[in-house]
1. So between Gln397 and Ser381, what do we pick up on full extension, going 0.36 nm a residue minus the alpha carbon distance?
2. Of the listed peptides 265-276, 215-226, what is their order by residue-averaged count of other C-beta atoms within 10 Å, with the highest listed first?
3. Dipole size in debye (nearest 20) for the stretch 112-185 around its Cα centre, Lys and Arg Cβ +1, Asp and Glu Cβ -1?
4. Kindly state, to the nearest 0.05, the FRET efficiency for Lys299 paired with Arg232, given R0 = 30 Å and r defined as their beta-carbon distance.
5. With a 10 Å radius around each residue's Cβ, average the other Cβ atoms per peptide and rank 185-196, 127-138, highest first.
6. Using the Cα centre as the reference, give the magnitude of the dipole from point charges on the C-beta atoms of the stretch 364-438 (Lys, Arg: +1; Asp, Glu: -1; all else neutral), rounded to the nearest 20 debye.
7. Any idea what the alpha-carbon Rg over 2.2 N^0.38 Å comes to for the stretch 118-163?
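Readers should treat all values here as calculations from the given coordinates under stated rules, not as data from a laboratory. Note that the coordinates shown come from a computational prediction; the quantities given were computed from them, not determined experimentally. Because the Cβ atoms are built from the backbone with ideal geometry, glycine has one as well, and the counts that use them run over all protein chains shown.
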Amino acid sequence: MHIKSLMVVAALAMTSGELGMSAQRANEQSSAGVIVVPVEQRVDIRGLLQSARGVAPALCTLAADGASSGWGGSWDAPDLAVHADVRELVRNMRAESLDPAESTALLDALGSDDACVRHMAGTLIGRSGDRAFVPELTRKLASASPQERAGAARSLGLLGEKSAVDGIVRALRDAVPAVRANAAWALGRIGDKRAAASVAALAHDASPEVRGAVVVTLGHLQAADNVETLLRVLKDDENASVRRAAAWALGQIGARSAADGLANSMRADKSEGVREMAAWALGEMESREVVDAIAEALKRDESAMVRETAAWALGTIEDKGMADLLASAAASDKSANVRGTAAWAVGQLNPGRAPKALLTALRDSDDDVRLKAAWALSQISDADVIHDVTEALRVEQRDRVRQALVRALLESGERSSEVFKGLLESKDKETREMAVRALAGRRGPWPWPWPWPRPRPNP
């Protein structure tokens, strides 16, 4: 690979014992808080692996998965830690980028005594897409080294190698938890549903790492036959991360038979992360039978994270009877995130009339809340709100919110030229364009983004 510059997070570099550069370069930090390592010549795989030695596990995951834009590692890895130049090159890496010596170095590194080196090697093998690795990786599933067995399973999963499924299934019985966990993860990545029963057999494994990999894989395989297994994990597992992953898996599967179990977890689990994921899963199912339970979570849960996801779930289920409750949350919840998502949800429900509490959100101190409240009012198209929206437009300073308010006025039937003339003097081009469109009596298309709630939680 030809790499012009390699940039890693400063904290990552300081935890590394060997970065393959001089001490002077290791201390050169840019104003962005990163280390810049100019590299004009070709950088081989060995140098990249050497730089990974000694890096702390969490930072190593960010670096390796960031380099491959998430898909080289875990499904939900953030796109962080490696500079865009390097990330783009690694993302585009193909088999022809590797010479035989580099391929051998990657395979050998799967057995390294350093966890980050192993993780980086497996990520790069998976990113390469080179099926020439498969025979040697399959052989390593039976290696005497547990590190090699685990790394081989993960790499085969990254490559999506269906021919290796039987060997990976055998690895589920390995004596070493890390091997079992990587094997379960790999089967989920490959996506062969025939492996679901073998994976589910480890749902009560002694290792939480294995149980977590198992339930996530069952979710990715959408293994509907294992809903009861996942519900037992959700209810009884001692590890909150595993219970959270089980809730996520049930949301992925979407079986409404799991709704009551998820509702119970949303009400009673001690972990806010589990309660949040249970609320998300119920929203994914769009099950109206549990609307009251979600409404209680919105009103009473102590966690803003849970309340926000409950608001999102109610908007997704689209029970119009929840409009007043959501509007009340949009007006009065102490969290701006909850208020904004609740306002969005009212618009999503489109109850036919604008709840009075939603108008309060037009005066919110948070820009995003006001934007989503204005959007919601444009969806509802209630002529009775024209006065309130006009007053909000008169004092609003943010261009995006003003544009949303103009849309709300037009969709609610306002046609008075006096309301819109002042906007012709706006410094914002899009606001001026909307004013012209409003004065001409035209509705849409609108040049501002569709508001959307915050991202769904990840397992």
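1. Between Gln397 and Ser381, full extension yields 3.5 nm more.
2. Final packing ranking: 215-226, 265-276.
3. The calculated dipole for the stretch 112-185 is roughly 200 debye.
4. For R0 = 30 Å, the calculated efficiency reads 0.55.
5. 185-196, 127-138
6. Roughly 340 debye, rounded to the nearest 20.
7. In units of the globular-protein estimate, the stretch 118-163 measures up at 0.99.
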